[in-house]
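The structure appears below as structure tokens.
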Amino acid sequence: MDKVSKYNLVEGSIVNKLFFVAGPIIMTQIFQMAYNLTDMFWLGRLSSDAVAASGTAGLFLWLSMAFLLFGRMGSEIGVSQNLGRGDKDTARSFAQNSIVIAIVLGILVTVVYITFHEFLINLFRIQEAHVEKYAREYLAIVSFGQPFVFFTAAVTGIFNGAGNSRMSMFINGIGFTLNMLLDPLLIFTAGWGIHGAAVASVISQSSMACLALIVLLKSKNRPFEKVKILIRPCIDTIKQIFKWVTPVSLESFLFTVLTMMLTPLVAEYGAGALATVRVGSQIESLTWLIAGGYAAALTAFTGQNFGAGKWTRINKGFRLSTVMMTSWGFLVAMLLFFGGRTLYGIFVPNEPAVIAMGVFYLQILAFVQIPACLEGVAAGIFRGMGKTVPPSVSSITSNVLRVILAYMTVHFTDLGLTGIWLAVAISAALRGIWVLIWYLVHSRSLPKADEEKSLENA
């Protein structure tokens, strides 16, 4: 199969094309999950305090995702839609401007985190002083890797938008593998403890960025023959990127901020409770990383077909994706409900109290895995069409409800931690159901047949 037909998502079998793009992205997400779980595995051998500290600092890395999305999604949407139209020059402009945005925002995030790391960690009111100290130091070190993470995300967005997600998998796979090798060496062999985990992350992130630069400029399968890293920004292109991505960025930002608001509630129950949530969220990443990876593939697929006016393919892609992701959500739900004790035992084998809490936590989360997967399907198609507001509104509203429910259950009932976890589950289910219904209603107004010429930007 030649290069053009391989990465052209507007022709050929829909199932094959979706798997061609989704497979490597999902593998990349699996690498990400393995990377996170490896950190927890080795830190769990230190103590649950180390897991709690890294998890608390990790919330700020989640927060930086809100700004990382400008580079990644700007390139994914801009490149996919314009390649679908056959406008390679405009696609290149979106790629180059997304890189500029990523570099600038990555540096700004690093400066803020390093400057204010003590103040930021103190916001959580962690009960144990040594856990708070570990969290501050961990955040200060990992912040140095943020510019590399932002740059790599923009480059992988370019390849994903062009339909070549295999290159993104290659870049991230190398970095994650390097981190998994460095973790035990720096944590235990070098004796650096939690600091070793942070240093391993920075080394692997900088290595990924170097590799991303090489493949963008030299790979025979690169989307563009010539790409400039440092250019004079195009104001119109940057405005369009911000128009697309601002709702998604606000969604991500508020999700993390609202999670941070819940963290002090959980922290009142001790480091064991924090560790339970930290480990549980990574185990649940079997859903949200895979669903997020599939959503990114669906964004590229929809973007190219949107640009080409191929509505029949978009509609069929939605139906097929719904079946596939529902099946995956069911499998993960069964694993969480029946396998909690085994899963927690892997990461905190010497913490029976954490394991006991974790089993119940996962059983609650099991009931929302299918809605979470369907959220990824609807959101991926919306974003591919450049309509980023609906999934963001659904997410923001549901996450605000999460905090309200959590505070109500803690202060007005005797549910304690169970109330917080029920609030998390209920809001997650509502978020997935809402955005799916929104797309189904919206799809009734879309063209039913293919158009002969490309659409203008949404």
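Considering only residues in region 204-247 that are over 16 Å from R92 (Cβ atoms), charged (D, E, K, R) and part of a helix (DSSP H, G or I), the one that is most open to solvent (accessible area, probe 1.4 Å) turns out to be K218.
None of V393, V389 is touching a helix residue (DSSP H, G or I) at 6+ places or on another chain (Cβ under 7 Å) and in contact (Cβ under 8 Å) with a residue 40 or more places away in the chain except V389. How do the pairs read when you match residues in region 36-63 that are aromatic (F, W, Y) with residues anywhere that are modelled with pLDDT under 80 and open to solvent by 10 Å² or more (accessible area, probe 1.4 Å), using Cβ under 7 Å and keeping only pairs 6 or more apart or on different chains? Partner pairs satisfying both residue conditions: F41/F347. Checking each residue in region 45-82 for being more than 20 Å from the chain's Cα centre (by Cα), surrounded by fewer than 23 Cβ atoms within 10 Å (Cβ to Cβ) and not basic (K, R) picks out L46, S47, D49.
The one condition from (1) open to solvent by less than 10 Å² (accessible area, probe 1.4 Å); (2) in a helix (DSSP H, G or I) that I26 does not meet is (1).
Within region 253-279, if we keep just the residues that are under 20 Å from the mean Cα position of the chain (by Cα) and either surrounded by 22 or more Cβ atoms within 10 Å (Cβ to Cβ) or of a type in the set (F, W, Y) (or both), the residue that is modelled with the highest pLDDT turns out to be F253.
Could you please let me know if Q127 is in contact (Cβ under 8 Å) with a residue 24 or more places away in the chain, of a type outside the set (A, V, I, L, M, F, W, C) and assigned to a helix (DSSP H, G or I)? No; evaluated as a whole, the condition is false for this residue.
The values are calculated or read from the model by the stated rules, or taken from the named source; none is laboratory data. Here the structure is a predicted model, which is why all the values come from computation and not from measurement. Every residue, glycine as well, gets a Cβ built from its backbone with ideal geometry; the counts of neighbours run over all protein chains shown. Calculation scope for accessible area: heavy atoms of the full protein, side chains included, ligands and nucleic acids excluded. Shrake-Rupley method; radii C 1.70, N 1.55, O 1.52, S 1.80 Å.
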